[in-house]
Amino acid sequence: MDPHVDTDHLTPRAALAELRRRIRAAFQQRNWSQDTLASKASLSRSVVNPVVSGTHNAAVPSERTVTRLAAALGLDAGPLSELHAAAAGPPPGPVKAASPHRPTTGWGEAVPVEAADPARLQVHPAVLPAPDPGGYTFLTPYLPRPHDQEIRDRITPALQGGTSVLVIVTGGSSTGKTRALYQALNDLAPHRTLLCPDTGEDLLHLLDGGRIQDQAVLWLNEAQRFFYGPHANEAAAALHRLLAQQTGTVAVGTLWTDPYWQDLTRSGTPGDPHAHIRDLLTGAVTARVTVPDRLSPDEQRQWRELAATHGDRRLSQALDAGSADRGRIVQHLSGGPELLRAYLDGPGHHFTAAEHALITAAVDARRLGHRAPLPGPLLAQAADAQLDPRERATGNHWDREALEGLCTGRRPDGTHTDIRRALTAVHTHVPRTGAEVVYEPADYLEQQLRRRRADQLGDPALWQALLEHTTDPHSLHTLADAAQRRGLLQHAVRIYQRAIRARHPAAATDLANLLSTATDPHQNGTRWIAEHADFTDPLGVAALLEALREAGQEKAVQVLLARDPTEHADLTHPWRVSFLLRVLREVGQEEAVQVLLARDPAAHTDLTHPRDVADLLRVLREAGQEEAVQVLEHRALNAGGLHPPPPPLLPYGRDLDGTPARAWTWDGLGL
């Protein structure tokens, strides 16, 4: 096989196919199992499987994955890197600077903190409700509050060379989370290198390339962009390792408390889709700081003094508006409440009927569970159904023109859709150069309408558009759950089915639990589930097996077991492996237990969490796997994850030299 290939004439799909073919050929020559390759490459089996299997439509592996597989298989990494670059396509180019005085940042750039454009960092602009000749700067004077000191206390030790830290600032929309981080970094680390990825894949590029050094600051504003999607868990695990192993690095990010922080840190979810993310966010490397959504009376007094001192009418007008809004001062700086009022006025006022319908579709799609950025065809299909025939445009590109007007703030006729010439109702998101533009509603509008429209069932056309256009597995699963909770059971079944095809680990169990003898009288549904469920996650396999068995779906159980689920289960997570072993023994599948044990989970499991390792040790002992117990104990002790077992308890204990003590009594001690 010629190691070199002319990538200039390959499409990304062809380059990916050639990359996988070369790795798969070397893998097959070695006659290794996927577990062996994963162990030698220091990767999880769930990462290795899509590269070496015949899976169709698999995502492009990360550069780190390709490099490690090449080293493990003895392949020349150079040609594989060229193929990987061709498969991934060009990285996102730099974004045009929002300010003429500050350079922008992107995943391929590195600039000092003090030189970064606050607009590019997504600090909300503060503008007046009406034109004003004041010539104000982009940023208003800043009022420090208690959370500002907490942020500084958290990042200072790392800036001084101590333990690395991820500071996540949580709170509501437009409460000052991003500005607080911007102020802290400019005050404490103005000369540090600032790195700003846009997606989880971008973050992996930075980690793979060793770009996040001990003097770097990693900017993860709106961190849900990194913690949902196909690269989320891999990126979170890699960042967790970096912060735990490297000193002097600061990472900062923001998240809404509801829904993002609560969703990403929740345990007990079937399939545990956010395991690595939860480990990162709740682990020792992360510090959470909460920003209140209201100013106290004393803070309002300080705000008024600050406005008077600097003569900044933006501060004084935000105070006047926010004082009447129960202390929500900061929100009024960016015009969030004004944007909400413009929407609530309905179509035909600030927004046209088509624009209003597109905004409604976007915020409702998010409210129902579509966490990923929204494709234009989804929004157009849902919005069009809301329009009266007399309101529909005659052109073929009405949706693109309307969305462009909402995102830029200006219609083709020169009239404005934005608020105060600054705040737009919808934002564009371009994952990489050449990719289709996707859209996100303004965060303040989304959060406020999420509450106001919480009791809304969701328009039928929107549900159909979500079914037809959603591809992200986590969004599909969340949408299916939302449909089920609203009693839309037929639609929930359809969305769950798409989530299963997209390989969501918990979707199969949830769909099996939804079906009943009334809705699936011939067990065709549960049989389909057993035939198509993804077996990568051992927790998902165990939960599905339990659900089918408890429902008396023996035919489906036999179909599932015939697919040999233990051959595909990822051995990385010790607790999940131990749970699957327990369930298999409970259902009498000793042969499957032996197949899973033969794959040697003790040699491959992750050692990060001592309690989970201890649980796997107990299960291995119960199965009589003493050799595996010794292997796992040795690995865990060497990694510092377990303490040596105490010496056996003797009737009279030991003397100070460690030898067994002779018989003694209280009376003989002379006390």
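Where a number appears in this text, it was derived from the coordinates with a stated rule and is not lab data. Every value quoted in this text rests on a predicted model; they were computed, and no experiment measured them. As a convention, Cβ positions derive from the backbone with ideal geometry for all residues, glycine included, and neighbour counts pool all protein chains shown.
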Between ASN513 and ARG485, Cβ-based FRET efficiency (R0 22 Å, step 0.05) works out to 0.95
Diffusion coefficient, µm² s⁻¹, Stokes-Einstein with Kirkwood Rh over alpha-carbon pairs of the chain at 25 °C and 0.890 mPa s: 88
Rounded if a/c is under 1.5, else prolate if a/b is larger than b/c, else oblate: which is the stretch 341-469, with a ≥ b ≥ c the root eigenvalues of its Cα gyration tensor? rounded
Does a label point 7 Å from the Cα of GLU531, set along Cα-to-beta-carbon, have any residues of the stretch 560-579 with amide nitrogen under 16 Å, and which are they? 560-564
Equivalent ellipsoid semi-axes, the stretch 571-671, via Cα gyration tensor eigenvalues times 5, rooted, Å: 38, 16, 11
Report relative contact order for the chain in percent, whole number only (criteria: Cα-Cα under 8 Å, sequence separation at least 6). 10
Quick one: Karplus J couplings for the stretch 12-27, per residue in order, coefficients 6.51, -1.76, 1.60, θ = phi - 60°, nearest Hz, x for Gly and Pro? x, 5, 5, 5, 5, 4, 5, 4, 5, 4, 5, 5, 5, 5, 5, 5
Which value, in debye to the nearest 20, describes the size of the charge dipole of the stretch 403-511 about its Cα centre when Lys and Arg Cβ atoms bear +1, Asp and Glu Cβ atoms bear -1, and nothing else is charged? 160
If each of GLN302 and HIS397 carries a label point 7 Å out from its Cα toward its Cβ, how far apart are those two points in nm? 5.1
Per the rule of 0.36 nm per residue minus the C-alpha distance, extending ASP345 to ARG241 adds in nm 32.5 nm
Length gained when the stretch HIS191-VAL430 is fully extended (0.36 nm per residue, less Cα-Cα span): 83.1 nm
For PRO565, what charge total do you get from the other residues with a beta carbon under 11 Å from its beta carbon, if Lys and Arg give +1 and Asp and Glu give -1? -3
Which trypsin sites (Lys or Arg not before Pro) from the stretch 318-367 combine a DSSP loop assignment with at most 14 other Cβ atoms within 10 Å? ARG326
For VAL169, residues with placed amide H under 5 Å, excluding near neighbours: GLY253, THR254, LEU255, VAL289
From phi via Karplus (6.51, -1.76, 1.60), per-residue ³J(HN,Hα) for the stretch 523-532 in Hz, x at Gly/Pro: 6, 6, x, 5, 5, 4, 4, 5, 7, 10
Using the Cα centre as the reference, give the magnitude of the dipole from point charges on the C-beta atoms of the stretch 377-439 (Lys, Arg: +1; Asp, Glu: -1; all else neutral), rounded to the nearest 20 debye. 240
How far is helix 460-469 tilted, in degrees, relative to the longest principal axis of the Cα atoms in the chain, given as a value from 0 to 90 rounded to the nearest 10? 60
One would report the antiparallel percent of DSSP beta bridges in the chain, rounded to the nearest 5, as 40
Quick one: dipole size for the chain, taken about the Cα centre, charges +1 on Lys/Arg Cβ and -1 on Asp/Glu Cβ, in debye to the nearest 20. 600
Dipole check, the chain, charges on Cβ (K,R +1; D,E -1), about Cα centroid: among GLY405, LEU185, ALA318 the Cα furthest to the positive pole belongs to ALA318
Roughly how many Å is it from the Cα centre of the stretch 221-235 to that of the stretch 377-437, as a whole number? 26
Sort VAL52, VAL541 so the one with the fewest other Cβ atoms within 10 Å of its own Cβ comes first. VAL52, VAL541
Segment ASP564-ARG662, length gained on full extension (0.36 nm per residue, minus Cα span): 29.6 nm
Can you tell which of GLY346, THR265, HIS522 lies farthest toward the positive end of the dipole of the chain, using +1 and -1 charges on the Cβ of basic and acidic side chains (Lys, Arg; Asp, Glu)? GLY346
For the stretch 111-290, give the share of DSSP beta bridges that are antiparallel, in percent and rounded to the nearest 5; count only bridges with both residues there. 15
Charges on Cβ only, +1 for Lys and Arg, -1 for Asp and Glu, centred on the Cα centroid of the stretch 571-671; of LEU650, TRP664, LEU581, which one is farthest towards the dipole's positive end? LEU581
